[in-house]
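Below is one structure; the comments refer to it alone.
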Amino acid sequence: FIKSFFTLLLNILVTIGYNRVQAQVTTDVISGKVADDGGQAIPGVTVVILNNSTGAKSGVQTNNDGRYILPNLNPGGPYTITVSFIGYKKEIKSDVNLGLGTTSFNFKLQEESTALNEVVVTGTAGGSKAGGTKIGQEQIKRLPTLSRSLQDLTKVTPQSNNNSFLGTNYRYNNVTLDGAINNDAIGFSPSLGGQSNTSGQPGSSTRTNPVSLDAIQDVQVLLAPFDVKVGNFLGGSVNAVTRSGTNEVHGSIYGFGRNAAMVGKNNAGDGSRLPGDFHEYQTGVRLGFPIIKNKLFFFTNEEITRRVDPVILAAGSADNGGILTEKDAADITTVMKSYGVDPGTAGNTSIYSNSNKFFNRIDWHINDKHQLSVRNNTITSEATNLERDQQNFRFKGIDYKQVNNQSSTVAELKSNFTSTFANSLILGYSNVHDYRNPLSDPAVPQIQIKGRTPGSTIFLGTDREASIFNMKQKTFEVTDNVTLFKGNHTITLGTHNEFYNITYGFVNSWNGRLDYNSIEDFLANNPARVRGNYNYANNSRDYIMANPPAQFNAKLLSVYAQDEIQLTDRFRITPGLRLDYSGIPNKQPLSDKTIKSPVDANFGNTYTYTKPQDIKNDYLNNIQISPRLGFNYDIKGNYSLVLRG
């Protein structure tokens, strides 16, 4: 009954996939050609691939051109490929480890009457359809890493620089995990200057990686892909897939750490060393095992990270740059305490970043045609964020605690219905809650005082971006890719849809913002400028937190098609077309106080507004049409020299 219901549900979802409308690669596709000793194609040859670690087996027969294709193969392995045909000697290629993308293996069979021994093929595998970088499990084990993050892996891409690809801002990247998006939809992460890993992913606001490195199987970075399934980015497309369980029980208990004793002197500065309170420790456990051998597998990875960073450049110190003296700091503190507010220390202090990661995945080999995987990645993290440099001094009280809690669940169904029809369906749901709690009373304004050195500023009070900050994003996505094989054509028809529910709970300077032109002006209570925001309905923090300024939906819809045509054994072209639509169906209304505001003589009316009834007319204007044409030429015929364009 379960299998019958499952097959019915599958057929319904595939049919819906054609009618609904950025997808990423989560599997490898093996293709190639089988010929005889003279180079003539052999149709009807049986090609079988076996995943030795899970027992999963898939097989096809070559077509009239001697070509075969084996889609929806999990990265990793090792795999064994067996090629057999009546009258010819069986050929075997073993210890094949697959990555993400496309791999090619060509075979030549010897007639059984002339073959003396079994032939073991040791040919070279072909590469991906598009220029990029693949980082497999063995490379992940060998690469040096300090933060144990995706960014430590993607830096091997020659065109990358601190998570910027081809010179673009990191926010123009698209990062997926198991084919599901893993981006900060609102765009506030990170907003912490040099402290963050600038990943632009959920959790980067708390300096936390979105997934444990021990849960990663393979990583792929694409910069200029021609595959229509890949879209919605201008910098790099970073795709990672996670580990799964196998027939063997495998696991690890690990710990990584460093402290001030392991960090060298500051050779670019005064030769000092980090204060002793610096440390970073990660510890965790991963375990994979079969629930039912060759059928049902489980993998889990749990990890905690604890880090403390020093915040130096204390008031009056030699490396402070002269922004303020110890007496200045004491005088400012006295004034603040007279208002009942403790501004916090002006001496050296520290900040922290803590995270807990829980990753679990189950894989079900339903039968030879269908494989289902479901995984959940849950992270809780928090961090404090005080920063100082040669131009900006902050009292400890302006610090705030950033909290990021996220959970992402992805289900993927890979199906090979026939030797000419395959399908991949991905359903994903993520829930991210990002909020800030000031360490001081949120009602205290942010105070900015010009320091004693040109261009410097002293900050105290409550951070203007932390008094009201409560962001929520819920995302549901559907991706369905149908692949058809006919002769020398590989046809892909697909759709990718992202549906966002955004709660934008941010008010800049709700607590007010006071500027002073000098320390003396502050001590004399002589502000140069006063700014703030005011909610006409109810300006209490509790009310605004419970009634966020904006709640809206957004959607990104994509539909695409392409035909990969193998014109010769060495040359193929890939024409394709992709259509993308982005829209916000329920735009937020503007206050009458904005709409009816008088025209400013210098700036005019500084807002644009589309009336709700006119939104429906914007649909066609928001469709992006992306025609694509790629080619791939195997110059020597053994994939050692490939020209792409």
Tally up the residues in the range 417-465 that are closer than 19 Å to G505 by Cβ, hydroxyl-bearing (S, T, Y) and surrounded by fewer than 22 Cβ atoms within 10 Å (Cβ to Cβ), please. 1
Scan the range 57-74 for residues that are open to solvent by less than 20 Å² (accessible area, probe 1.4 Å) and part of a loop (DSSP other than H, G, I, E, B) and jot them down. T62, G66
Confirm whether T333 is of a type outside the set (A, V, I, L, M, F, W, C), open to solvent by 50 Å² or more (accessible area, probe 1.4 Å) and more than 23 Å from D434 (Cβ to Cβ). no
How many of the residues in the range 564-578 are touching a strand residue (DSSP E or B) at 6+ places or on another chain (Cβ under 7 Å) and either of a type in the set (A, V, I, L, M) or exposed (fewer than 15 other Cβ atoms within 10 Å of the Cβ) (or both)? 5
Condition first: within 18 Å of T54 (Cα to Cα) and either open to solvent by less than 40 Å² (accessible area, probe 1.4 Å) or in a loop (DSSP other than H, G, I, E, B) (or both). Now tell me which residues in the range 84-99 satisfy that. K93, V96, L98, G99
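Yes or no, residue by residue, for (1) closer than 30 Å to L50 by Cα; (2) of a type outside the set (K, R); (3) assigned to a loop (DSSP other than H, G, I, E, B):
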| site | (1), (2), (3) |
| --- | --- |
| G340 | no, yes, yes |
| G347 | no, yes, yes |
| N367 | yes, yes, yes |
| V403 | no, yes, no |
| S408 | no, yes, no |
Can you tell which of N294, N266 is open to solvent by 60 Å² or more (accessible area, probe 1.4 Å), more than 27 Å from T206 (Cα to Cα) and assigned to a loop (DSSP other than H, G, I, E, B)? N294
Would you please name the residue that is farthest from M336 (Cα to Cα), looking only at residues in the range 373-391 that are open to solvent by 40 Å² or more (accessible area, probe 1.4 Å) and part of a strand (DSSP E or B)? V374
Could you check, for the range 597-615, whether at least one of its residues is surrounded by 14 or more Cβ atoms within 10 Å (Cβ to Cβ) and modelled with pLDDT under 90? yes
Do we have any residue at all in the range 48-55 that's surrounded by fewer than 19 Cβ atoms within 10 Å (Cβ to Cβ), touching a helix residue (DSSP H, G or I) at 6+ places or on another chain (Cβ under 9 Å) and in a strand (DSSP E or B)? no
Scanning the range 498-545 for residues that are open to solvent by 40 Å² or more (accessible area, probe 1.4 Å) and within 30 Å of the chain's Cα centre (by Cα), which turns out nearest to N586 (Cα to Cα)? N501
Output the number of the condition that N360 fails; it satisfies all remaining conditions of (1) in a strand (DSSP E or B); (2) open to solvent by less than 50 Å² (accessible area, probe 1.4 Å); (3) out of contact with any Asp or Glu (no Cβ under 8 Å at 6 or more places or on another chain). (2)
Does K401 count as of a type in the set (K, R), surrounded by fewer than 19 Cβ atoms within 10 Å (Cβ to Cβ) and farther than 30 Å from L313 by Cβ? no
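The values are calculated or read from the model by the stated rules, or taken from the named source; none is laboratory data. Bear in mind that the values here come from a model prediction, so they are computed numbers and not experimental data. Every residue, glycine among them, receives a Cβ derived from its backbone with ideal geometry; neighbour counts consider all protein chains shown. With ligands, DNA and RNA removed, areas are computed over all heavy atoms of the protein, side chains included. Shrake-Rupley method; radii C 1.70, N 1.55, O 1.52, S 1.80 Å.
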